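A.B. asks: What follows is a structure written as structure tokens; I'll ask about it next.
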Amino acid sequence: MHATIETLKNDVFERNAGEPEFHQAVAEVLDSLAPVLERHPEYLDQDVIRRLCEPERQIIFRVPWTDSEGNVNINRGFRVEFNSALGPYKGGLRFHPTVNLGIVKFLGFEQTFKNSLTGLPIGGGKGGSDFDPHGRSDRDIMAFCQSFMTELYRHIGEHTDVPAGDIGVGTREIGYMFGQYKRITNRFEAGVLTGKGLTWGGSLVRPEATGYGTIFFAREMLATRGETFENKRVSVSGSGNVAIYAIEKAQELGALVVTASDSSGAVYDPDGIDLELLKQIKLTERGRIGEYAERRSSRVEYFSNRNDVWQVPVDVALPCATQNELDLRSAQALINNGLQVVAEGANMPLTADAASLMRETESVLFGPAKAVNAGGVATSALEMQQNASRDKWQFDYTETRLEEIMVNVHETCRATAQEYGAPGDYVLGANVAGFTKVVEAMIAQGLV
């Protein structure tokens, strides 16, 4: 069976050359599948695994737009509609200069299993552009978003493909894209995008959902060892919505969160992150993390290398910034300093060798992104439910639904790992549970 999996992996890698992030994501899933294929050899009959690794549709398009100074700019747009076996494609849009087809495919592949784990009827997709919104005026961002949607609109719909936000795409960008979609189609189709503003179809808890969900999952991990967040030292990377709301919920549960970061550097605050100051700088002023150190106190340390957050001794590590930010050296430092739990708030933030080390270390529980950060897309699906019923739920009710979903995701991963003889291996549990549900649906729907 190992030889079969290696052959499948090599075929996928050869077919998708030059896409290391996609290779990394595929390898992590396929390496978990030996016990599944031994129990279900029929999964090989229709070559369903190769089909699962091939997106149903890959769309690349030109995005021309004029900036405030009259300069013509050309960016590249992407939408990878990876798998619709369980429902319409669902996944965010990322605006960042590093975006390319391989990264979008890796994110769409991960999204397919993440969405499966939520138990909600949504397939997997992802998209974005190499456009960099940082430092751009609102007028420039609107011009880009309108041009981007002028092409994208023909590929999406509330029953077809429902994008949301990701890195570089928040309520402002969703608003500009939704307005252009409405203008072109002449329809107020609220369910076509999620992450909308609260006054025009958005859901309460959506900005908080990924961060809150990360903490709910990590809380359940700690509970398997009779532990809680009370008085735990926690390191968080990032300072966007995921990081900020992970900090908020962890603090509510009694944790001392001591770090935050952005692309320019990181801060270590031994007294605990001042959340209101961090929100003011990052969410309101759109400033840099160094300003936190300048305005907080002399006890705060600023690191020009953002990855130095992982050198701080903590009980719980929550990487919430971007892919492959936590390498083998950082993983070893965390373990040496007494780490108990690492939970991936971002998408694939641990390098492959760092993740392997965490899985091999018995004293550490490792929660993979496709399970840990599923709260964001779960609440997006709840937003779609509200849009479909022309309803609006209260904050507490929506948060309760999110918490229930994340507790169920944790239990699914834990129970599946136990069933396949690997108790405590959340990576295997998440991969096998997500994979099995998608593959069963694909087989049932025939060779499509």
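The values are calculated or read from the model by the stated rules, or taken from the named source; none is laboratory data. No experiment lies behind these values; they were computed from the predicted model shown. We place every Cβ from the backbone using ideal geometry, glycine too, and count neighbours over all the protein chains shown. Just so you know, the surface numbers come from the protein's heavy atoms only, side chains and all, with ligands and any DNA or RNA stripped out. Shrake-Rupley method; radii C 1.70, N 1.55, O 1.52, S 1.80 Å.
A.B. asks: Give me the three principal axis extents of the range 123-266 from the C-alpha atoms, as integers in angstrom, largest value leading.
C.D. replies: Computed over the Cα atoms, the extents are 54, 34, 27 Å.
A.B. asks: Pick from Ser239, Ser389, Ser304 the residue whose mean-square fluctuation is largest in a GNM of the chain, springs joining Cα atoms under 10 Å.
C.D. replies: Ser389
A.B. asks: Probe of 1.4 angstrom, ligands and nucleic acids ignored: what's the accessible area per residue over the range 68-187, in square angstrom?
C.D. replies: 35 Å²
A.B. asks: Tell me, what is the per residue accessible area of the range 325-448 in Å², probe radius 1.4 Å?
C.D. replies: On a per-residue basis, the range 325-448 sits at 39 Å².
A.B. asks: Something else now. I want to verify a result. In a Gaussian network model of the chain, Cα cutoff 10 Å, which of these has the top mean-square fluctuation: Pro423, Pro319, Pro88?
C.D. replies: Ranking Pro423, Pro319, Pro88 by mean-square fluctuation puts Pro423 first.
A.B. asks: Ok, one more. Please compute, for the alpha-carbon atoms of the range 294-421, the extent along each of the three principal axes and give them in descending order in Å.
C.D. replies: Reported extents, whole Å, longest axis first: 50, 49, 21.
A.B. asks: Taking the Cβ of Gly254 as the centre, find all other residues whose Cβ is under 14 Å away and add up their charges (Lys, Arg: +1; Asp, Glu: -1).
C.D. replies: -1
A.B. asks: Given the range 29-159, report the % of alpha carbon pairs whose separation exceeds 26 Å.
C.D. replies: Roughly 33 percent, once rounded to a whole number.
A.B. asks: Still on this structure, please answer the following. With both partners inside the chain, how many of the DSSP beta bridges are antiparallel, as a percent to the nearest 5?
C.D. replies: Around 55 percent of the beta bridges assigned by DSSP in the chain are antiparallel ones.
A.B. asks: Now for a separate question. If I model the range 385-448 as equal point scatterers sitting on the Cα atoms and use the Debye formula, what is log10 I(q)/I(0) at q = 0.18, 0.21, 0.27, 0.28 Å⁻¹?
C.D. replies: Scattering profile of the range 385-448, log10 relative to I(0): -0.80, -0.85, -0.98, -1.02.
A.B. asks: Restrict the search to the range 345-448; then list the GluC sites (Glu not before Pro) that DSSP places in a loop and that have at most 11 other Cβ atoms within 10 Å of their Cβ.
C.D. replies: Within the range 345-448, the qualifying GluC sites (Glu not before Pro) (loop, at most 11 other Cβ atoms within 10 Å) are Glu362.
A.B. asks: If the viscosity is 1.002 mPa s and the temperature 20 °C, what translational diffusion coefficient in µm²/s does Stokes-Einstein give for the range 290-351 when Rh comes from Kirkwood over Cα pairs?
C.D. replies: Using the Kirkwood radius from Cα pairs, D works out to 172 µm²/s.
A.B. asks: Compute log10 of I(q)/I(0) for the range 254-321 with the Debye formula, placing one identical point scatterer on every Cα and leaving out solvent, at q = 0.20 Å⁻¹, to two decimals.
C.D. replies: Debye output, listed in q order: -0.76.
A.B. asks: For the range 88-190, what are the per-bin percents of Cα-Cα distances with bins 5 Å wide, up to the bin holding the maximum?
C.D. replies: 3, 13, 23, 25, 19, 13, 5, 1
A.B. asks: Determine how large the accessible area of Val439 is when every protein chain is in place; take a 1.4 Å probe and give Å² rounded to the nearest 10.
C.D. replies: Counting only protein heavy atoms, Val439 exposes about 0 Å² to solvent.
A.B. asks: Rounded to a whole number, what % of the accessible area of the range 210-354 do carbon and sulfur atoms account for, probe 1.4 Å?
C.D. replies: In the range 210-354, the share of accessible area belonging to carbon and sulfur is 43 percent.
A.B. asks: With N set to the number of residues, divide the alpha-carbon radius of gyration of the chain by 2.2 N^0.38 Å and report two decimals.
C.D. replies: Ratio of Cα Rg to 2.2 N^0.38 Å: 0.94.
A.B. asks: Write down the percent of antiparallel bridges among all DSSP beta bridges whose residues are both part of the range 200-327, to the nearest 5.
C.D. replies: 55 percent
A.B. asks: Measure up Lys126/Lys279; Lys114/Lys196; Lys105/Lys437; Lys90/Lys282; Lys9/Lys437; Lys182/Lys437 against 32 Å on the Cα-Cα distance and list the ones that go over.
C.D. replies: Check vs 32 Å cut-off fails for Lys182/Lys437.
A.B. asks: Return the single residue from Arg62, Arg295, Arg233 with maximal mean-square fluctuation; model: Gaussian network over the chain, springs between Cα atoms under 10 Å.
C.D. replies: Of Arg62, Arg295, Arg233, the Gaussian network model singles out Arg295 as fluctuating most.
A.B. asks: Then there is this: Considering only the other residues whose Cβ falls under 11 Å of the Cβ of Pro349, what net charge follows from Lys and Arg at +1 and Asp and Glu at -1?
C.D. replies: With Lys, Arg at +1 and Asp, Glu at -1, the neighbours total -3.
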